[in-house]
Amino acid sequence: MRYPPSLARRTLAGGLSVHPIGIGGWALGGPDHNLGLPMGWSTADDTASRRGLETAYQLGANLIDTADVYGHGHSERIIGDFAATVDRDTLVLSSKVGYHRGTARHAYLPSAMRHQLETTLENLRTDHLDIYFFHNADFGEDDRYLDEAVAQMRDFQRQGLITAVGMRGPHRYATERVTLPKGQRGDKYARFAYLADKIRPDYLAARFNALTPPPATGRPDIFALADSLGASVLINKPLAQGLLTGKYD
């Protein structure tokens, strides 16, 4: 299949070859709650989701991004059922860990991360992930789980369970938005830059679109930061969740 130059495949970190337009799997998870907060999509329809995956793939899209917490595995299972029908080597599968802790003390305990990755691989019906993201920036009090979590991610790489390590941000932990007054919240941009230096991810995932203002003084530019790390960038919400398509007035 041949594409216009703007839609030609791109080779990203880890040698992953991707179509420039990826498939986001959050909405596929359907209605859901996590941490006592609503975080799902009541309008999701499994049949339409499967049809959308098939159509996107036929049009050349090959990167599919999801997370363990999207429908608490439901999004991963829908994607896994689709992935089982095509050549795995034609797909780039990405998932995340950090918001679904199950019964563990913390989602970034190495044992919890191992459990979640095993479940994610089973859900996606694959033996490896192409990219595995840290989903949030909460590594416990005084970052007590940070070093072990990073070491666990690199161990996943050594075992061949994942190809590349990713990091989402700048991101504020979900419950902070409803439990902390604005004046008491930390600087998520400074936090993002700090963690990027500690984690040294292969991929950064960030919200960016035509409505995104330029970075303010002192805030890291996502693309400059990625360049300094030798990392690739995955952009989410490029159409502002439909606002830039004209769907909403």
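Give a residue-ordered list of calculated ³J(HN,Hα) values for the stretch 96-108 (Karplus: 6.51 cos²θ - 1.76 cosθ + 1.60, θ = phi - 60°; whole Hz; x for Gly, Pro).
Running phi through 6.51 cos²θ - 1.76 cosθ + 1.60 with θ = phi - 60° gives 9, 9, x, 10, 10, 9, x, 9, 5, 5, 8, 5, 9 Hz.
Quick one: which residues, 5 or more positions from F133 or on another chain, have an amide H under 5 Å from its amide H? H modelled 1.01 Å from N in the peptide plane, none for Pro or chain starts.
Amide H to amide H, under 5 Å and 5 or more residues apart or across chains, F133 pairs with S95, K96, V97, G166.
Using helices alone, I'd like the mean residue ellipticity at 222 nm for the chain: each DSSP H run of four-plus residues gives -39500 (n - 2.57), total over residue count, nearest 500.
Working: 7 runs with 75 residues, N = 249.
Counting only the DSSP helices, I get -9000 deg cm²/dmol.
Would you kindly derive the ³J(HN,Hα) couplings of the stretch 190-198 from the backbone phi angles with the Karplus curve 6.51 cos²θ - 1.76 cosθ + 1.60 (θ = phi - 60°), listing them in order in whole Hz, with x for Gly and Pro?
5, 5, 4, 5, 4, 5, 4, 5, 6
By the scheme Lys and Arg +1, Asp and Glu -1, what is the net charge of all other residues having a beta-carbon under 11 Å from that of A193? Working shown, then result.
Values: positive: K188, R191, K198, R219; negative: D187, D197, D221.
Local net charge: +1.
Which is farthest toward the positive dipole end of the stretch 73-208 among L91, T179, Q116, measuring Cα position about the Cα centre, with Cβ charges +1 (Lys, Arg) and -1 (Asp, Glu)?
T179
Residue-wise, which Karplus ³J(HN,Hα) couplings in Hz belong to the stretch 56-61, taking 6.51 cos²θ - 1.76 cosθ + 1.60, θ = phi - 60°, and x for glycine or proline?
So the J values, rounded to whole Hz, are 4, 5, 4, 7, x, 5.
Per residue, how large is the accessible surface of the stretch 1-105? Use a 1.4 angstrom probe and give square angstrom. Walk me through the numbers before you get to the answer.
On the way: 5400 Å² over 105 residues.
Ligands and nucleic acids excluded, the result is 51 Å² per residue.
Once the whole set of protein chains is in place, how much accessible area is left on Y70, using a 1.4 Å probe, in Å² to the nearest 10?
For Y70, solvent-accessible area is about 30 Å².
May I ask you to give the percent of accessible area on the stretch 161-249 that is carbon plus sulfur, with a probe radius of 1.4 Å? Walk me through the numbers before you get to the answer.
Numbers: 2770 of 5300 Å².
Using a 1.4 Å probe with all protein chains present, the stretch 161-249 comes out at 52 percent carbon and sulfur.
Using the Cα centre as the reference, give the magnitude of the dipole from point charges on the C-beta atoms of the stretch 1-127 (Lys, Arg: +1; Asp, Glu: -1; all else neutral), rounded to the nearest 20 debye. Write out the running numbers ahead of the final one.
Values: 12 positive and 13 negative charges, 68 e Å.
I would put it at about 320 debye.
About its Cα centre, how strong a charge dipole does the stretch 91-157 have in debye, to the nearest 20, once Lys and Arg get +1 and Asp and Glu get -1 at the Cβ?
Working: 7 positive and 11 negative charges, 43 e Å.
Using only the charged Cβ atoms, the result is roughly 200 debye.
So what's the net charge close to A67: Lys and Arg +1, Asp and Glu -1, counting the other residues with Cβ under 10 Å from its Cβ?
-1
Take the alpha-carbon centre of the stretch 20-51, take the same for the stretch 178-206, and report the distance between them in whole Å.
If we compute the Cα centre of each part, the gap is 25 Å.
Taking every DSSP beta bridge with both residues inside the stretch 44-178, roughly what % is antiparallel (nearest 5)? Before the final figure, lay out each step's value.
Details: 0 of 12 bridges.
Of the beta bridges lying entirely in the stretch 44-178, close to 0 percent run antiparallel.
Can you return the lysines within cross-link range of K247? Criterion is Cα-Cα under 23 Å, with same-chain partners fewer than 8 residues away left out.
K237
Just reorder K247, K96, K237, K182 by solvent-accessible area, largest first, 1.4 Å probe, all chains present.
Working: K247 145, K96 10, K237 55, K182 170 Å².
Largest to smallest exposure gives the sequence K182, K247, K237, K96.
If amide H atoms are built 1.01 Å from N in the plane of the peptide, which residues on other chains or at least 5 residues away come under 5 Å of the amide H of I23?
L63, I64, D65
Over the heavy atoms of S17, what accessible area does a 1.4 Å probe trace out, to the nearest 10 Å²?
Roughly 50 Å² of S17 is accessible to a 1.4 Å probe.
In terms of solvent-accessible area of protein heavy atoms at a 1.4 angstrom probe, what is the ranking of L211, L37, L244, highest value first?
Values: L211 100, L37 45, L244 70 Å².
Ranking L211, L37, L244 by accessible area, largest first, yields L211, L244, L37.
I need the fraction of alpha carbon pairs in the chain separated by more than 23 Å, rounded to a whole percent. All intermediate terms of the calculation are to be shown ahead of the outcome.
Numbers: 15769 of 30876 pairs.
Of all Cα-Cα distances in the chain, 51 percent exceed 23 Å.
Given charges of +1 on the Cβ of Lys and Arg and -1 on the Cβ of Asp and Glu, with all other atoms neutral, how large is the dipole of the stretch 94-249 about its Cα centre, in debye to the nearest 20?
Values: 21 positive and 18 negative charges, 92 e Å.
Value, rounded to 20: 440 debye.
The values are calculated or read from the model by the stated rules, or taken from the named source; none is laboratory data. Keep in mind it's a predicted model, so treat the numbers as computed, not measured. So basically every Cβ, Gly included, is an ideal-geometry build from the backbone, and we count neighbours across all protein chains shown. Note: areas computed on protein heavy atoms with side chains; ligands, DNA, RNA excluded. Shrake-Rupley method; radii C 1.70, N 1.55, O 1.52, S 1.80 Å.
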